[in-house]
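Enquirer: First the structure, which I've put down as structure tokens, then a few questions once you've had a look.
Every number in this text was worked out from the coordinates using simple rules, so none of it is lab data. Please read all numbers here as calculations on a predicted model, not as lab measurements. Here Cβ is always computed from backbone atoms with ideal geometry, including for glycine, and neighbour counts include all displayed protein chains.
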């Protein structure tokens, strides 16, 4: 029986472990953190429960494909459809735009600022839909054995889509809409990728199609961590053992193959096959010490924005604040253009708020709220010093309090703050980058770090910084692609 060691326990790792186990491989997992999930994690504190990272997602059918692939009778967690996707407020305005999946209701939200919104949105979504369906299986859900193979595949994409490769999300918005509000709100999909609409290729407007038409947005009954809890139970049934508080710091090789990974205590984890769910670029840089992934070269890559997160337990309810919220300013272009490189003050930040207890009341004591705040900030290449963390947090709290009409500081009974430093140290995120490598044209598909190692034939990668990219459904697809690679090399193991 082939023995597999998986480094990390994020969604990509857990789904890979179940796929390989169902094919007869003997799998074990090692994890630096004290519990599984990677960035899909959870904080329990002072009677409150918080989703640590992702709070909603699309493309649920990728989980269904996974379920069938591993032979589960049902998924061990339950999706919840979101009819109201999120709300958006601009600083200085009392107007709150509700982003409904129902396009007729959505059109009414913008009738005052964008004449003929429904017809414009229909045309915009139709273009995104065509691109999505023309490329989903052709480009997205496949392995590439070389850059040449990837480029040849791109030539098979209908030529009508080629302009999207050279336009930004923002440019695409300007082609379809006139009002500042519409263009800014529907270009927020770029921030979901850890970037801005001015430096994200227009191909990612497909996210608007997936959120509004194709599959919608969902969360999970009982909180997003139920995904991890459910998968962990299935892994237990499959005999997959997880080892926590175990950080890989070195390796051992024999005859051109990786023979063991060494943890912080000097223990050697020997195996036939290794799957790395730690960041694919970071692992090559930090553990393998590859020249192509030196710090100098890593710093020149395009990384996603870093997270500055707060987890607040309040002793009051927020009846007028929806589940998902984006709070924007009045200087969208300036802010987007400068936030990456720490060229703008964080005194009036843009941020996202998830009132967890709106969806899952058990996450907070009765009469209370669990609130998650995420502010995208520069990674540690540009802002290594976070000694101003309290001031940044106060700026957000002051701004949010003014917008919702509640003095939040008077009601905070539990508070946890994570800067890019804590995110880096908890999950080995390069310079604190929240979602790994960015999705510029020269960092996607065949240009992204491969899901197989360049030197060791028995080492593979799964997760955000390899193919196909970042996000929960992408992690599930990534597990399918790496499983295909392993079974192609080693075959299914019959037990």
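Enquirer: Whole angstrom only: what separates the Cα centroid of region 190-242 from the Cα centroid of region 449-495?
Expert: Comparing the Cα centres of region 190-242 and region 449-495, I get a distance of 18 Å.
Enquirer: For the chain, give the share of DSSP beta bridges that are antiparallel, in percent and rounded to the nearest 5; count only bridges with both residues there.
Expert: 70 percent
Enquirer: Kindly express, to the nearest 10 degrees and within the range 0 to 90, the angle between helix 11-22's C-alpha long axis and the longest C-alpha principal axis of the chain.
Expert: Its long axis makes an angle of about 40 degrees.
Enquirer: Using a simple spin-label model with points 7 Å from Cα along the Cα→Cβ vector, what separation in nm is obtained for residue 180 and residue 409?
Expert: Distance between label points: 2.9 nm.
Enquirer: In cubic angstrom, how much convex hull volume per residue do the alpha carbon atoms of region 1-128 span?
Expert: 193 Å³
Enquirer: Let me ask something additional. Can you tell me the FRET efficiency between residue 382 and residue 264 if r is taken as the Cβ-Cβ distance and R0 is 25 Å, rounded to the nearest 0.05?
Expert: 0.30
Enquirer: Moving on to the next point. Quick check: the distance between the Cα centres of region 397-435 and region 155-182, to the nearest angstrom?
Expert: Region 397-435 and region 155-182 have Cα centres separated by 33 Å.
Enquirer: Along the principal axes of its C-alpha atoms, what lengths does region 133-277 span, in descending order and rounded to whole Å?
Expert: Principal extents (Cα only, largest first): 60, 45, 26 Å.
Enquirer: Pulled fully out, how much extra length does the chain show between residue 347 and residue 398, if you take 0.36 nm times their separation in residues and subtract their Cα-Cα distance?
Expert: Extra length from residue 347 to residue 398 when fully extended: 17.4 nm.
Enquirer: What number results when the radius of gyration of region 348-495, computed over Cα atoms, is divided by 2.2 N^0.38 Å?
Expert: Normalised Rg, Cα atoms only: 1.39.
Enquirer: Can you tell me what the convex hull of the Cα atoms of region 372-431 projects to on average, as an area in nm²?
Expert: Across all orientations, region 372-431 yields a mean hull projection of 4.6 nm².
Enquirer: Highest mean first, how do 340-349, 451-460 rank when packing is the count of other Cβ atoms within 10 Å averaged over residues?
Expert: Descending packing order for the listed peptides: 451-460, 340-349.
Enquirer: Could you compute how fast region 197-287 diffuses translationally, taking Rh as the Kirkwood radius over C-alpha pairs and applying Stokes-Einstein at 37 °C with viscosity 0.692 mPa s? Give it in µm² per second.
Expert: 189 µm²/s
Enquirer: Turning to a different aspect of this structure: Tilt of helix 389-404 relative to the longest C-alpha principal axis of the chain, in degrees (0 to 90, nearest 10)?
Expert: With both axes taken from Cα atoms, the answer is about 50 degrees.
Enquirer: While we're here: Kindly provide log₁₀ I(q)/I(0) values, in the same order as q = 0.09, 0.15, 0.19, 0.21 Å⁻¹, from the Debye equation applied to equal alpha-carbon scatterers of region 261-411.
Expert: -0.45, -0.91, -1.11, -1.25
Enquirer: What ranking do 221, 169 get, fewest neighbouring Cβ atoms within 10 angstrom at the top?
Expert: The fewest-first ordering by Cβ neighbours comes to 221, 169.
Enquirer: Over region 120-215, what is the mean sequence separation of C-alpha contacts under 8 Å (at least six apart), divided by residue count, expressed as relative contact order in percent?
Expert: 35 percent
Enquirer: Based on the mean of other Cβ atoms within 10 Å per residue, sort peptides 41-48, 381-388, 469-476 so the most packed one is first.
Expert: By packing density, highest mean first, the sequence is 469-476, 41-48, 381-388.
Enquirer: Relative to the longest principal axis of the C-alpha atoms of the chain, give the angle of the C-alpha long axis of helix 472-490, reported between 0 and 90° and rounded to the nearest 10°.
Expert: Taking Cα atoms only, the helix is inclined about 10 degrees.
Enquirer: Return the inverse of the average 1/r over all pairs of distinct C-alpha atoms in region 1-45, which is the Kirkwood hydrodynamic radius, in Å to one decimal.
Expert: 11.1 Å
Enquirer: I'd like the FRET efficiency for residue 299 and residue 487, computed as 1/(1 + (r/R0)^6) with the beta carbon distance as r and R0 of 45 Å, rounded to 0.05.
Expert: About 0.80, to the nearest 0.05.
Enquirer: Moving to a separate point now. Stretched out fully, how many nm does the piece from residue 67 to residue 366 gain, at 0.36 nm a residue minus the Cα gap?
Expert: Gain on stretching residue 67 to residue 366: 104.1 nm.
Enquirer: Per 0.36 nm of contour for each residue apart, how much would the distance between residue 79 and residue 136 grow if the chain were fully extended, relative to their Cα-Cα spacing?
Expert: 18.3 nm
Enquirer: A further question on this structure: Which three extents, in whole angstrom, do the alpha-carbon atoms of region 120-215 cover along their principal axes, largest first?
Expert: That gives 43, 24, 24 Å along the principal axes, largest extent first.
Enquirer: Over all directions, how big on average is the projection of the convex hull of the alpha-carbon atoms in region 39-112, in square nanometres?
Expert: Computed as one quarter of the Cα hull surface, the answer is 8.5 nm².
Enquirer: Among 295-307, 364-376, what's the highest-first ranking by average C-beta atoms within 10 angstrom per residue?
Expert: In decreasing order of mean packing, 295-307, 364-376 become 364-376, 295-307.
Enquirer: Write down the radius of gyration of the chain and its Dmax, each obtained from C-alpha positions, in Å.
Expert: 22.2, 69
Enquirer: What is the chain's relative contact order, in percent, from Cα pairs under 8 angstrom and six or more apart in sequence?
Expert: Result for the chain is 24 percent.
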